[in-house]
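Report on one structure; see the data block that follows.
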Amino acid sequence: MLKRVFLVLLGLVVLALSTAWFLRGEIALRVMARTMDRNLAATPSDGLPDGLHVALCGSGSPMPDPTRAGPCTAVLAGNRLFVFDAGSGSVRNLTLMGMAPARVERVFLTHFHSDHIDGLGELMLQHWAGGAAKTPVPVHGPTGVETVVGGLMTAYGPDRGYRIAHHGEAVVPPSGFGGEARPFAIGTGPAQVTLIDEPDLKIRAFPVDHAPVSPAVGYIVEYKGRKAVISGDTD
């Protein structure tokens with residue numbers, strides 16, 4: 001009797017696994033759709049007062065450290081999420097912190113040291129695939145950011161095709177792939193460059209000394225009378 005019960009249960013398990021195998025594509029699509037819905041339903045500012053909030057999604061250096069991701073600062077202005085630099089591992093931290101990459105409105109780069117940009121490809125990918133983005137994420141940076149963004153989009157070009165073919169255009173709209181470089185010129189003096197100028201929100205860039213790296217900038221984020229300054233790397 002026990003042997004018969006065991007064989008029946010074994011048969012049911014084999015049947016279930018076989019069904020899951022043949023339906024794996026449909027199951028994957030449903031899981032991704034559910035993940036996107038969850039990412040877009042919750043806002044990073046849930047439970048926080050309306051204000052200016054700063055979070056460290058990475059505080060490491062180029063030296064390997066299992067407890068530190070590469071440089072990355074997340075700024076919440078109300079319910080709008082901005083990311084400054086994107087070091088290795090920082091995108092996973094964003095997700096673990098409840099700030100889904102799909103919710104990132106814009107990315108700002110302080111300079112082009114490898115440890116500040118080596119997570120940018122993943123951020124652009126997760127912004128696209130994690131939220132069915134229809135437009136690329138804007139990536140602001142001093143002159144040269146177009147080379148960085150263009151290079152990463154070239155590197156991720158084959159993957160773009162794979163993901164569209166596998167998941168379909170409803171999940172990964174072709175128009176939302178990658179990033180849109182938004183370069184700005186910056187001098188060596190105290191002059192600032194205004195990147196966002198709205199009644200409640202202003203974001204400005206200013207030059208910093210990070211020789212021999214040039215250009216290098218910091219950013220000022222001002223929201224409803226509160227201000228955060230992100231220096232980037234500087235003396």
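Can you check what the net charge comes to around L10, using other residues whose Cβ is under 11 Å from the Cβ of L10 (Lys, Arg +1; Asp, Glu -1)? Charge balance in the 11 Å sphere: +2.
Couplings 3J(HN,Hα) for the stretch 99-116, derived from phi with the Karplus relation 6.51 cos²θ - 1.76 cosθ + 1.60 (θ = phi - 60°), are 10, 4, x, 4, 8, 5, 7, 8, 10, 10, 9, 7, 6, 10, 4, 4, 6, 9 Hz, where x marks Gly and Pro. Couplings 3J(HN,Hα) for the stretch 159-171, derived from phi with the Karplus relation 6.51 cos²θ - 1.76 cosθ + 1.60 (θ = phi - 60°), are 5, 3, x, 4, 6, 5, 5, 7, 9, x, 5, 5, 8 Hz, where x marks Gly and Pro.
The lysines whose alpha-carbon is closer than 29 Å to the alpha-carbon of K224, local same-chain residues fewer than 8 away aside, are K202.
Amide H to amide H distances under 5 Å link T110 with D85, where only residues 5 or more positions off or on other chains count and H is placed in the peptide plane. Cα centroids of the stretch 127-147 and the stretch 210-228: 19 Å apart.
With R₀ fixed at 45 Å, the C-beta to C-beta distance from D50 to F22 puts the FRET efficiency at about 0.35.
Taking the Cα centre of the stretch 70-205 as reference, the dipole from Cβ charges on Lys and Arg (+1) and Asp and Glu (-1) amounts to some 180 debye.
Using every pair of distinct Cα positions in the stretch 63-115, the Kirkwood expression returns a hydrodynamic radius of 11.5 angstrom. Label separation (H166 vs K224): 4.1 nm, computed from points 7 Å beyond Cα along the C-beta direction. Residues whose amide H lies under 5 Å from that of I186, counting only those 5 or more places away or on a different chain, are T143; hydrogens are built 1.01 Å from N in the peptide plane. Note on the chain: antiparallel DSSP beta bridges, both residues inside, total approximately 70 percent of the bridges counted.
Only DSSP H runs of four or more residues enter the estimate; each adds -39500 (n - 2.57), and after division by the residues of the chain the mean residue ellipticity at 222 nm equals -11000 deg cm²/dmol. Full extension of the chain between S61 and D209 gives 51.5 nm of extra length, using 0.36 nm per residue less the Cα-Cα distance. Taking all Cα pairs closer than 8 Å and separated by 6 or more residues, the relative contact order of the stretch 42-230 comes to 17 percent. Here the chain is treated with +1 on each Lys and Arg Cβ and -1 on each Asp and Glu Cβ, and its dipole about the Cα centre works out to around 1060 debye. Using P(r) over Cα pairs in 5 Å bins from 0, in percent as the read-out, say which of (i) 1, 6, 11, 11, 10, 9, 9, 8, 7, 7, 8, 6, 5, 1, 0, 0; (ii) 1, 6, 12, 16, 17, 15, 10, 7, 4, 3, 3, 2, 2, 1, 1, 0, 0, 0; (iii) 1, 7, 14, 18, 20, 18, 12, 6, 3, 2, 1, 0 was calculated from these coordinates. Derived directly from the coordinates: (ii). Amide hydrogen proximity for C57: with H placed 1.01 Å from N in the peptide plane, the residues at 5 or more positions away or on another chain lying under 5 Å are C72, T73, A74. Across the stretch 76-85, coupling constants 3J(HN,Hα) worked out from phi with the 6.51/-1.76/1.60 Karplus curve, θ = phi - 60°, read 9, 10, x, 10, 9, 9, 10, 10, 10, 6 Hz, and Gly and Pro carry x. Grab the other residues whose beta carbon is less than 10 angstrom from that of V208, score K and R as +1, D and E as -1, and report the net. Net charge around V208: -3.
Only the coordinates and a few stated rules stand behind these numbers; no lab work does. Bear in mind the structure is a predicted one, so any value in this text is a computation, not a measurement. All Cβ positions, even for glycine, are placed from backbone atoms using ideal geometry, and neighbour counts span all protein chains on display.
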